[in-house]
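To start, the structure under review is shown below, and the notes come after it.
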Amino acid sequence: MNLSPLEIGLIAVTIILLLIITAILLFKSKSQNMDNTFLRSQMELSGRLSQFFEHYTLNQDKISQLLTEQKVSILKMIDDKLLQVTQQVGDGLRITSNKTDETLAMLRERLVKIDAAQQKISGLSEQVVSLQEILSNKQSRGAFGEIQLYDLITNILPPSVYSFQAVMSNQKRADCLLRLPNPPGAIVVDSKFPLESYQALLQAQNEKEKTEAEKFFRTSVAKHIKDIAEKYIIPGETADSALMFLPSESVYAELYAHFPEVVDYSYKMKVWVVSPTTLMATLHTIRAVLKDVKMQEQSGIIQKEVIRMGEDVARLAERVESLSKHFEQAQKDIVDVKTSSIKITRKIAYIGDIDTEKNNNLS
């Protein structure tokens, strides 16, 4: 039978006490002066120890039974707890599994979207590479600017106002000629794209390279402004100004932010530099002006037609007056005819009466 630590401690204490008592007895037995009182005390102590040992022996079974019952109760409680924990763990695993399945499904959907986005990015990368290849060639770059200019103008202005690749009287070919009413008159829009100088400005690594790139950019833009002013501002044929179209907002922003002297030079040469955004605003303004001019023309036509209508109304009044006179004369004639008819009727009646009287006299 397995003993608890408490039981083992009690047994050890009992054995130690017995050994002490035995040693005392042995020591006293050797003494010659031992008296009866001590022997009686010894016997009483031995009896009490025997009773204590018997009582301990009797209670040992009870203690063992209690310990067994507690052990069974503890084991049952542990089993219940283990069952509860097992159920909770199972429920948690099922919930976790469901959430994991949902997460994996969402992850698969996102992976599909990421794959689609990657394909689009790959396509855009190819387009960017092709755009860089286009912009690296001057002729292709010029065509790119002209196409952008074409899209802006054709989407805003009516076809009767513009013409592309128009040949001027000096045999120079303009990218676009806007036929506007006087003033200001016809105005040329020419597309320029100083990409090399702008890229050199962006790629400058030190102050020296930056200074050289700024000079290169300033010279390139100023040359374009001068060429447009000399080629496309023709007295008596065009307006006294022209537009230089930069098909890049970044180049336009760089020019106006860091090169005010070039902008002042464009003002002096009367060549207005525009970007896609500012050109769009300018074209909408031109469209509003054209609409206003057309409305003025239409109002002039309406005014002329109103004057003609007034003349027609005056003639109509004269004719109504003449017709009224004719109606009055006709009414007078009708009255005269009616009077003559009454007179004739009376005369006929009178003649009839005379004939009747003659007949009566003859009879």
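The values are calculated or read from the model by the stated rules, or taken from the named source; none is laboratory data. What you are looking at is a predicted structure, and each value in this text was computed from that prediction instead of being measured. Cβ atoms come from the backbone with ideal geometry, glycine included; neighbour counts cover every protein chain shown. Note: accessible area is taken over every heavy atom of the protein model, side chains too, but ligands, DNA and RNA are not part of it. Shrake-Rupley method; radii C 1.70, N 1.55, O 1.52, S 1.80 Å.
Restricting attention to the stretch 212-231, does a residue exist that is of a type in the set (Ser, Thr, Tyr) and under 30 Å from residue 290 (Cα atoms)? Spell out the reasoning first.
Going through the stretch 212-231, the residues of a type in the set (Ser, Thr, Tyr) turn out to be 219-220.
From what is left, the residues that are under 30 Å from residue 290 (Cα atoms) are none.
No, the stretch 212-231 has no match at all.
Out of everything in the stretch 237-284 that is aromatic (Phe, Trp, Tyr), in contact with a Ser or Thr (Cβ under 7 Å, 6 or more places away or on another chain) and free of Cβ contacts under 8 Å to residues at least 40 places away in the same chain, what residue ends up being nearest to residue 174 (Cα to Cα)? Reasoning before the result, please.
Residues of the stretch 237-284 aromatic (Phe, Trp, Tyr): 245, 252, 256, 259, 265, 267, 272.
Remaining after also requiring in contact with a Ser or Thr (Cβ under 7 Å, 6 or more places away or on another chain): 245, 252, 272.
With the extra rule that they be free of Cβ contacts under 8 Å to residues at least 40 places away in the same chain, the set shrinks to 252, 272.
Working: 252: 21, 272: 15 Å.
Selected residue: 272.
Filtering the stretch 143-184 down to residues that are of a type in the set (Gly, Ala, Ser) and at pLDDT 85 or above, which residue is farthest from the chain's Cα centre (by Cα)? Talk me through it step by step, then tell me what you get.
Of the stretch 143-184, the ones of a type in the set (Gly, Ala, Ser) are 143, 145, 160, 163, 166, 169, 174.
Cutting the leftovers down to at pLDDT 85 or above gives us 160, 163, 166, 169, 174.
Numbers: 160: 36, 163: 36, 166: 40, 169: 49, 174: 38 Å.
Per the stated criteria, the residue is 169.
Could you check, for the stretch 274-293, whether at least one of its residues is modelled with pLDDT of 90 or more, aliphatic (A, V, I, L, M) and not in a helix (DSSP H, G or I)?
Yes, some residue in the stretch 274-293 is modelled with pLDDT of 90 or more, aliphatic (A, V, I, L, M) and not in a helix (DSSP H, G or I).
Taking the condition assigned to a helix (DSSP H, G or I) and modelled with pLDDT of 75 or more, does residue 115 pass? Can you show your working first?
Details: assigned to a helix (DSSP H, G or I): yes; modelled with pLDDT of 75 or more: no.
No.
Return yes or no: is residue 134 within 24 Å of residue 252 (Cβ to Cβ) and modelled with pLDDT of 85 or more? Steps first, please.
Values: within 24 Å of residue 252 (Cβ to Cβ): yes; modelled with pLDDT of 85 or more: no.
No, not satisfied.
Report those strands (runs of 3 or more DSSP E) wholly inside the stretch 173-251 carrying at least 1 residues which are under 24 Å from residue 158 (Cβ atoms), open to solvent by less than 70 Å² (accessible area, probe 1.4 Å) and of a type in the set (D, E, K, R). Break it down into steps so the answer makes sense when it comes.
Working: elements: 173-178, 187-191, 242-245.
By residue number, 173-178, 187-191.
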